[in-house]
Amino acid sequence: MSTPTRTPSLTWGLAPAVPILLLGTLALGGCKNTAEPAPQPVAPVELAPVAVPHADAEHYRLELTLDPFGRSLAGTLDLSLSAADGPLSVVNLQLAGLRVFDVVDSTGRELAFFQKGNALNIVLAGLLAEGSGTDLTIRYGGSPQKGLWFVRERDGVPTQVFTQGECEDSSWWFPCIEDPSDRATSELIVTMPAGWNAVAAGERVDRTEDGSSVTEHWRMTFPHPAYLTTLVAGELSMVADEYDGIPLSYISAPEYADRLQATFGETPAVLDFLSNLTGIRYPYAKYSTAAVSGFPFGGMENISATTVTDTVMRDERGRLDGDAVGLIAHEAAHQWFGDLVTCGTWQHVWLNEGFATYMTQLYFEASRGNDEFRNRWYDSLQAYLDSDVGEARRPMTEGTFEDPIDLFFTGHAYAGGAVRLHYLRYVLGDGAFFDGVREYLARHAGGAVLTADFQAAMEASSGVDLDSYFTQWFEAEGYPELSTSWRYRNGAVELTVTQSQRAVGGTPEAFRFPVDVEVRTNKGSVTHRIEVDSTRATYELPCNERPSWVWFDEGGWLPARIDRDKTTTEWLAIAAGQDDVIARRMAVEGLGADLAGGLAGDQVDFARAELVNRMRQDSSSWVRAAAAKSLGMDKSPEARLRLMAAASSDANTHVRKAAFLALQNWGMDLELAGFARTQYREGYSWRTMGAAADLLVTSDPKGAFQWFVRALLDADSAHGVLRADLARSLARIDNVRVPSILIDLANDKSLETATRVAAVEALPKVAELDRNARTALIALLQTRDARLRRATVASLAQFDDATSRAALASHYKRSVVPRERRAIEATFGR
């Protein structure tokens, strides 16, 4: 829900009573003499809804004073607005959890207002004609429950403030119109403690210092929705950069200052790529990226001023485990897709998130090559396919929700949108697709859009009627669930394709789509394009000799789940000879499945040899990691030796982690335990150290506990990632002291959030009946740390006892966080 869950209060402003315009009436017929016969029943008539005039915000000028000691704010909003679609007597704004003190108009006249829930309704002094404007000044204040966050405490006092507005959380820190289609310019004048700095949307106009306080004035002249309004303030360090004459800044707490350039230094290259791809140079006066403590998501694309979690500020060892480039590219892409052009309603949020996800993948294609792009696309596809199932299945452009942020966690908006864009690129070809994207942005820059607007732009650019495409892939539900098999007979490949998705709800019985099929022989490859349009069909593909392989969906474009019926011999050929990195990756996965299924004879040796070859020599780390996982199914001495080599020497940490995990298939093995301890001490990266420790649990289950007790004391790492991994592994050890150690980790406020979250998540696995664990979790429901509290809700739900359920029910009444509320509702079967 988007409204506060506290008992609604009604607050009237003190002002002279004024007439309120009756917004609409319904005439039901003239009066009749009661002596006349009663009218005969008539068929019911559907009545069109009465349009209610609404305000259109034009400019927000917000003066804000921050009080970190009281975790509160005092604000004055000067709001310029107009009557959008009819005469207006009442201005309906949103404001939640804060109190309005008074409202005056431009003449200084005090206006009547009332607050209920998250609604702030202001009664104008007179009727405002359609198209006419007025100015209001609203004084308000209080302690925000969300929207504006006080974080990074030192001696109990916050040293940072950040805001997070998407989807409807801006109204938790200033009065506004929470509608993604309503755009206005903005100014923010923030007064804060001396020594603090700030960054907000647009350009800084002024900074003045006055003894114990400092004031900064920021102005954004490009109209934007309220949810993109932003502020980051606190004890901050900054590194300056530039792109094409546009100033850039990277911002963090002072302790991370030496990591700023290493973390965000690729930003100019990202902006250059996006400017060239879209045909629109980065459209704002500056771009900043601020890394803050306690941010509840990965990042947020506030207009010209992105905010991200400071957990991306990794040290040298941490950067071996992964960098921030994907996050940088995603949030930068939003400056075009989401900020320059914004979804008109949240049901069409894929236009923001699907585009940002796909643009990120395209940046990897341009900067890291096709193999990197293909693997990232494939992971997005699998994530989407796994999420769009059962009760979560819905069309891309529809969806019911308690709160619009719910739509962000179903898999549709991000990966679901990205894979559909990728397939549209296949259908139209690169030229028409990218021309259409540029046309879409050019048409709608500075405005709100629906999916139909994107379709129209793509049709205008390509000259192709796309009704059937958008009907099938955006209005229908689900995706094709396919099985493919082939045989060679009479000089042809007979390829059989079966669609098995259930035709329930809005899922079609049979999708219709073009797809490429590669037939590979000793003479080379031939690609055939076929049209699939039925639940089962066999396609005859000419071929002069028996092929080495037949690969359905050559190039990897189709948003579908595909079960491929292949022999070990065919998988071996694909693994060794396919140029397509996804085909090789799937081939080594197929070989692993064959080994796990009881492969025998020479085929075992052939499979092992090819998996070793892929793990050692494949150019793609994704294939090497998949080969390591599959090689673990072999359990031979050679496989064990090769995996130990990969775990200790591969240049890529993901391959090392896959090898460590595969070695767990050998079970208790003291030699492997010694190897795990050695690799932990060598400390190649934080996450490989964690993987080595996890191997120790399996290889030396009796001796691991004491080692973990010592290791936890000396496991300091960037953002606690190593100690978090150790906590997760500790939960796998059978020892009566494990629950108490995890409780101590969960309660230790000096530890990083990642460690405490890992401990909280582990407790239900080892202490389901432990009263102390349950008590600790119930107490943690009071934490201000959003990530820790969310994990606590999820863990407490797993206890499933009366005390835990009562605590969750009580928390539900006061929680204003949609993800927490959805989790508790699921616990109670709502």
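Across the range 296-310, a minimum of one residue is classified as open to solvent by less than 10 Å² (accessible area, probe 1.4 Å), at positive phi and of a type in the set (S, T, N, Q). Just one of the listed residues (718, 731) is of a type in the set (A, V, I, L, M), surrounded by fewer than 23 Cβ atoms within 10 Å (Cβ to Cβ) and under 20 Å from residue 311 (Cβ atoms), and it is 718. Quick one: is residue 587 among the aliphatic types (A, V, I, L, M) and surrounded by fewer than 22 Cβ atoms within 10 Å (Cβ to Cβ)? No: the conditions fail for residue 587.
Remark: pairs (first residue in the range 212-241, free of Cβ contacts under 8 Å to residues at least 24 places away in the same chain; second residue among the hydroxyl-bearing types (Ser, Thr, Tyr) and not in a strand (DSSP E or B); Cβ separation under 8 Å; 6+ apart in sequence or on different chains) = 237/256. Inspection of the range 126-138 finds a residue satisfying the criterion of being of a type in the set (A, V, I, L, M, F, W, C), farther than 30 Å from residue 352 by Cβ, at pLDDT 95 or above and crowded, with 20+ Cβ neighbours inside 10 Å.
Residues in the range 298-331 that are under 14 Å from the mean Cα position of the chain (by Cα) and either aliphatic (A, V, I, L, M) or at pLDDT below 95 (or both): 300, 308, 327, 328, 329.
Considering the conditions (1) open to solvent by less than 10 Å² (accessible area, probe 1.4 Å); (2) in contact with a helix residue (DSSP H, G or I) (Cβ under 7 Å, 6 or more places away or on another chain); (3) more than 26 Å from residue 439 (Cβ to Cβ), residue 350 is excluded by exactly one of them, (3). Scanning the range 353-367 for residues that are open to solvent by 10 Å² or more (accessible area, probe 1.4 Å) and charged (D, E, K, R) yields one hit, 365. Restricting 808, 769 to residues that are buried (at least 19 other Cβ atoms within 10 Å of the Cβ) and not hydroxyl-bearing (Ser, Thr, Tyr) narrows the list to 808. Looking only at residues that are open to solvent by 50 Å² or more (accessible area, probe 1.4 Å) and touching a residue at least 24 places away in the same chain (Cβ under 8 Å) in the range 415-445, which one is nearest to residue 342 (Cα to Cα)? Among those residues, the one meeting the criterion is 445.
If you go through the range 504-529 and keep only what is open to solvent by less than 60 Å² (accessible area, probe 1.4 Å), at pLDDT 95 or above and farther than 24 Å from residue 549 by Cα, you end up with 507, 508, 510, 511. Out of 242, 166, 266, one residue alone is surrounded by fewer than 20 Cβ atoms within 10 Å (Cβ to Cβ), closer than 21 Å to residue 295 by Cβ and in contact with a helix residue (DSSP H, G or I) (Cβ under 8 Å, 6 or more places away or on another chain). It is 266. The single condition among (1) open to solvent by 30 Å² or more (accessible area, probe 1.4 Å); (2) among the acidic types (Asp, Glu); (3) not in a loop (DSSP other than H, G, I, E, B) that residue 323 does not satisfy is (3). Here residue 484 meets the list (1) without any contact (Cβ under 8 Å) to a residue 60 or more places away in the chain; (2) open to solvent by less than 50 Å² (accessible area, probe 1.4 Å); (3) more than 24 Å from the chain's Cα centre (by Cα) almost entirely, failing just condition (1). Go through the range 792-805 residue by residue and tally those that are under 15 Å from residue 825 (Cα atoms), open to solvent by 10 Å² or more (accessible area, probe 1.4 Å) and among the aliphatic types (A, V, I, L, M). Of the residues in the range 792-805, 2 are under 15 Å from residue 825 (Cα atoms), open to solvent by 10 Å² or more (accessible area, probe 1.4 Å) and among the aliphatic types (A, V, I, L, M).
Scanning the range 597-616 for residues that are open to solvent by 50 Å² or more (accessible area, probe 1.4 Å) and farther than 19 Å from residue 657 by Cβ yields 597, 598, 600, 601, 602, 603, 605, 606, 609.
Screening 670, 661 for residues that are at pLDDT 95 or above, closer than 27 Å to residue 752 by Cβ and open to solvent by 60 Å² or more (accessible area, probe 1.4 Å) leaves exactly one candidate, 661.
Checked against (1) free of Cβ contacts under 8 Å to residues at least 12 places away in the same chain; (2) under 24 Å from the mean Cα position of the chain (by Cα), residue 252 meets all criteria but (1).
Pairs linking a residue in the range 660-683 that is more than 24 Å from residue 596 (Cβ to Cβ) to a residue that is open to solvent by less than 50 Å² (accessible area, probe 1.4 Å) and not in a helix (DSSP H, G or I), with Cβ atoms under 9 Å and 6 or more positions apart or on different chains, are 670/700; 670/703; 673/700; 673/703; 674/700; 677/700. The residue that is nearest to the chain's Cα centre (by Cα), counting only those in the range 534-561 that are surrounded by fewer than 18 Cβ atoms within 10 Å (Cβ to Cβ) and β-branched (Val, Ile, Thr), is 535.
Of the residues screened, residue 148 is one that is surrounded by 18 or more Cβ atoms within 10 Å (Cβ to Cβ), of a type in the set (A, V, I, L, M), at pLDDT 95 or above and under 31 Å from the mean Cα position of the chain (by Cα).
The values are calculated or read from the model by the stated rules, or taken from the named source; none is laboratory data. Computed from a predicted model, the values in this text were never measured in an experiment. Ideal geometry is used to build each Cβ from the backbone, glycine not excepted, and the neighbour counts take in all protein chains shown. Just so you know, the surface numbers come from the protein's heavy atoms only, side chains and all, with ligands and any DNA or RNA stripped out. Shrake-Rupley method; radii C 1.70, N 1.55, O 1.52, S 1.80 Å.
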